[in-house]
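First the structure, in the form of structure tokens, and then the observations on it.
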Amino acid sequence: MARAELRAWESWLDRLAGRLRIEKYQLVGRHSAVKKCNWLHKSLVQGRVCYKQKFYGIQSHRCLQLSPAVYYCTLRCLFCWRIQPEDLGIPSPLESAKMIAEPDEPEFIVEEAVKAQRRILSGYKAHKYVNPEKYEEALNPSHAAISLTGEPTLYPRLGELIEAFHRRKMTTFLVTNATMPEALRGLSAEPSQLYISLHAPREEVFKRLCRPLIGEGWSRVRASLESLKSFSCPTVVRLTLVKGVNMEGFEEDYARLLAEAEPTYVEAKAYMWVGFSRRRLKYEHMPTHREIRAFAERLANLIGYRVIDEAEDSRVVLLSRLPKPIRFGVG
């Protein structure tokens, strides 16, 4: 790496770490992080649950949201609510698209992530609206959402991390942007459910919306989609739909891509105008739930799936050939 690029990368790491702490991320080791999901709070305080509990049975108050690659990603998506280098006034360092050189041990990440989750929850013990029994359950997470920020497949021991969670009797959902098909093919263990986030119907839209930091990004996405059929766990293709950019008129393009993947489910989900994405997109880019539902119904007709559930507050519609989704939890 050139000296100037190295300085930019080090500056990015230092400034991002500080910003993440301000935003109440719990940093774990050299490259991981845990953050409280808003739905964990709502579940404890208000009794409301996220769509993953509604669809798949994952208990919101027992869900640990983790990134094993908090500083690393292969894309710079315009719709991403997370902070990006240009948000701090520095160029996007190419180093952020590379595999982590000195990875922390998977067991260390799991143990420290659970400790971090418990630190996050400590303030709820005396909360007047929190049920004590539910609070005690939350202290022992039963599910790990391996997503949060960054691209988790850049952590080279990802399969071992999944195995470590499973040894704790925790289920796992792995969410990837699909740009590392070799990492998916090389997993030593499958997650409980695998998500591919499909952000574009065509290569030109992908380049404009996702701004890849690696070459052949679109062909890599296509390769990951094709690899879904080799997984025995349930698979999901999640469409992040941005009004006026990757949504209207693209149903047939998405249908062709989904025919290659044959996922268990398709989630049609609205882009949400939150976080740092508000610096890159406008409020008008956020579809309504009615618009998402209409899009999902048109897509379902093209691919032979049907609407089996929806969550209006998250603006997401679930499609499948199954009559109802496979549930992992008890909620």
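Could you tell me whether any residue of the stretch 9-28 is in contact with a Cys (Cβ under 7 Å, 6 or more places away or on another chain), free of Cβ contacts under 8 Å to residues at least 40 places away in the same chain, open to solvent by 30 Å² or more (accessible area, probe 1.4 Å) and assigned to a helix (DSSP H, G or I)?
Here is the first cut: in the stretch 9-28, the residues in contact with a Cys (Cβ under 7 Å, 6 or more places away or on another chain) are none.
No, because not a single residue in the stretch 9-28 is in contact with a Cys (Cβ under 7 Å, 6 or more places away or on another chain), free of Cβ contacts under 8 Å to residues at least 40 places away in the same chain, open to solvent by 30 Å² or more (accessible area, probe 1.4 Å) and assigned to a helix (DSSP H, G or I).
Within the stretch 96-107, one or more residues are touching a strand residue (DSSP E or B) at 6+ places or on another chain (Cβ under 7 Å), acidic (Asp, Glu) and surrounded by fewer than 22 Cβ atoms within 10 Å (Cβ to Cβ).
Counting only residues that are more than 21 Å from Gln84 (Cβ to Cβ) and of a type in the set (Lys, Arg), which one in the stretch 208-242 is least open to solvent (accessible area, probe 1.4 Å)? Out of the qualifying residues, it is Arg222. Residues that are basic (Lys, Arg) and not in a loop (DSSP other than H, G, I, E, B) occur at least once in the stretch 304-313. Scanning the stretch 248-307 for residues that are open to solvent by 60 Å² or more (accessible area, probe 1.4 Å) and touching a strand residue (DSSP E or B) at 6+ places or on another chain (Cβ under 7 Å) returns Arg293, Glu297, Arg306. In the stretch 108-143, the qualifying residues are those that are part of a helix (DSSP H, G or I) and among the aliphatic types (A, V, I, L, M), and the one that is most open to solvent (accessible area, probe 1.4 Å) is Ile120. Name every residue in the stretch 281-313 that is closer than 25 Å to Trp81 by Cα and among the polar types (S, T, N, Q), in order of residue number. Within the stretch 281-313, Thr288 is the sole residue that qualifies.
In the stretch 182-196, the residues that are assigned to a strand (DSSP E or B) form Cβ pairs under 6 Å with partners that are surrounded by 19 or more Cβ atoms within 10 Å (Cβ to Cβ) and among the aromatic types (Phe, Trp, Tyr), at six or more places apart or across chains, as follows: Gln193/Phe173. Within the stretch 78-94, the residues that satisfy the criterion of being open to solvent by 20 Å² or more (accessible area, probe 1.4 Å) and not aliphatic (A, V, I, L, M) are Phe79, Cys80, Trp81, Arg82, Glu86, Asp87, Gly89, Pro91, Ser92.
Residues being among the hydrophobic types (A, V, I, L, M, F, W, C) and over 19 Å from the mean Cα position of the chain (by Cα): count how many of those fall in the stretch 228-257.
Filtering the stretch 228-257 down to residues among the hydrophobic types (A, V, I, L, M, F, W, C) leaves 228, 231, 233, 236-237, 239, 241-242, 245, 247, 250, 255, 257.
Pick out the ones that are also over 19 Å from the mean Cα position of the chain (by Cα) and you get 245, 247, 250, 255, 257.
The total comes to 5.
This table checks each residue for (1) assigned to a helix (DSSP H, G or I); (2) touching a Leu at 6+ places or on another chain (Cβ under 9 Å).
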site: Ala200; (1), (2): no, yes
site: Glu204; (1), (2): yes, no
site: Arg208; (1), (2): yes, yes
site: Arg220; (1), (2): yes, no
site: Ser224; (1), (2): yes, yes
site: Cys233; (1), (2): no, yes
site: Val237; (1), (2): no, yes
site: Thr240; (1), (2): no, yes
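Counting the residues of the stretch 47-77 that are open to solvent by 40 Å² or more (accessible area, probe 1.4 Å) and either modelled with pLDDT under 95 or part of a loop (DSSP other than H, G, I, E, B) (or both) gives 3. Filtering the stretch 78-107 to residues that are within 25 Å of Phe276 (Cβ to Cβ) and either of a type in the set (Lys, Arg) or in a helix (DSSP H, G or I) (or both) leaves Arg82, Pro85, Glu86, Asp87, Leu88, Leu94, Glu95, Ser96, Ala97, Lys98.
Scanning the stretch 158-196 for residues that are open to solvent by less than 10 Å² (accessible area, probe 1.4 Å) and of a type in the set (Ser, Thr, Tyr) gives Thr172, Thr176, Thr179, Tyr195.
Identify all residues within the stretch 42-95 that are of a type in the set (Val, Ile, Thr) and either farther than 22 Å from Val236 by Cβ or in contact with a His (Cβ under 9 Å, 6 or more places away or on another chain) (or both); write none if there are none. Selection gives Val45, Val49, Ile58, Val70, Ile83, Ile90.
The values are calculated or read from the model by the stated rules, or taken from the named source; none is laboratory data. None of these values were measured; they are calculated from a predicted model. Note: ideal-geometry Cβ built from the backbone for every residue, glycine included; neighbour counts use all protein chains shown. Keep in mind that these areas ignore ligands, DNA and RNA; they rest on the heavy atoms of the full protein, side chains included. Shrake-Rupley method; radii C 1.70, N 1.55, O 1.52, S 1.80 Å.
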